[in-house]
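Below is one structure; the comments refer to it alone.
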Amino acid sequence: MTAPNTPNNVLSGRTLSAEIITNDLRPRVEALQAKGITPKLVVVLIGDHAASASYVRQKEKSAAKAGIVSEVWRYEETVTEAEILQVIEKINRDESIHGVIVQLPVPDHISVPAILKAIDPAKDVDGFTPDNVGKLFQGEECLACCTPQGIMHLVRASGVEVSGAHAVVVGRSNIVGKPVAGLLLNANATVTICHSRTRDLSHHTRQADILVVAVGRPNFVTAEHVREGAVVIDVGIHRTEAGKLTGDVDYDSVSPRAKCITPVPGGVGPMTVVSLIQNTIIAAERLAEGKASQ
Ligand code: NDP
């Protein structure tokens, strides 16, 4: 895989995701199709959340580019938890479906942990079930969470030697901060995790060879937080009042210091989507391997 650095040090997830689809995922889908298997992803979408609907459209587009089947199963905001659990049970039993995600957020009356526990870990292509998260932290083969996996693709494409590097992750959420720290550790980085109680944040972030920012605050990380030559991955995504998308990193001040930096939009977002497609293909490959060895 070539590093998608343009001369101005932009680490483009848009470019890298297109390369991964063309060079890796489509050939794998074709190999499965030659065995009579087409990977299939089901997205369970509850309610009428504008951002979710937009994410789901991006997932459908990328799925089509990779040659996998994707279906969106839509439910009213008023659907009960029991009904959704029945839907998941049906998907778990359906051998033609290789991956399922329940698009978050879900309405308050539906328990996310209950949903995640119900999903068959072999079809958990978001990588959120306790089984897959546990395996990730034990360094075992698993379906790893999509945003962290996408971040690892970007970090590798930056050309930085991950093994032995000091990686600093700002944010400790279950969907980004903690799992990306686990993946970086599995890749032999020395990892520091920072959060809202961290004292003297910039003291830590300035030591980073690889800085991953998942704070959820627009333009939070500025030049003073960043060491010269660091690889900076901006996970945040925010829409300004003027309707412009921006990240957690103040791009204009940080970019001149960085070896490379991901843009928003077009950085981590497309890599999250491609990782979902990749996980669906992995799930289909594993099912095919299991059947072949029976
Ligand atoms: P969460 O709100 O779940 O977590 C934010 C983390 O940032 C928390 O761990 C919090 O610490 C930490 N934090 C908050 N304030 C500070 C501070 N002042 N100093 C240091 N740490 C701080 O967010 P997510 O991880 O879900 O998402 C982060 C961002 O990434 C959001 O903008 C989200 O929209 C975006 N995102 C983008 C995705 C993509 O595909 N592009 C996918 C997922 C998320 P504490 O735990 O102590 O509260």
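Computed from the coordinates by the stated procedures, all read-outs in this text should not be read as laboratory data. If you're wondering where the values come from, they're calculated on a predicted model, not measured in any experiment. Note that we place each Cβ from the backbone using ideal geometry, even for glycine, and neighbour counts take in every protein chain shown.
Brief remarks follow.
- Cα→Cβ-extended label distance, 7 Å offset, between ARG156 and SER173, nm: 2.4
- Sequence-separation-based contact order of the chain, relative, with Cα cut under 8 Å and 6+ spacing, percent: 21
- Measuring between their Cα centroids, the range 173-226 and the range 233-252 lie 17 Å from each other.
- Cα-projected label distance for ALA50 with ARG239, points at 7 Å along beta-carbon direction, nm: 0.4
- When both bridge partners sit in the chain, DSSP labels roughly 10% of those beta bridges antiparallel.
- Global geometry of the range 146-269, whether rounded, prolate or oblate, following the gyration tensor of its Cα atoms and the 1.5 cut on a/c: rounded
- Dipole magnitude of the range 36-120, debye to nearest 20 (Cβ charges: Lys/Arg +1, Asp/Glu -1, about Cα centre): 460
- Size of electric dipole in the range 180-271: Cβ of Lys, Arg +1 and of Asp, Glu -1, about Cα centre, debye, nearest 20: 140
- The chain - mean residue ellipticity at 222 nm from DSSP helices (-39,500 (n - 2.57) per run, n ≥ 4, rounded to 500): -12000 deg cm²/dmol
- Virtual spin-label span in nm between ASN188 and ALA34, 7 Å along Cα→Cβ: 3.4
- The lysines whose alpha-carbon is closer than 16 Å to the alpha-carbon of LYS135, local same-chain residues fewer than 8 away aside, are LYS117, LYS123, LYS178.
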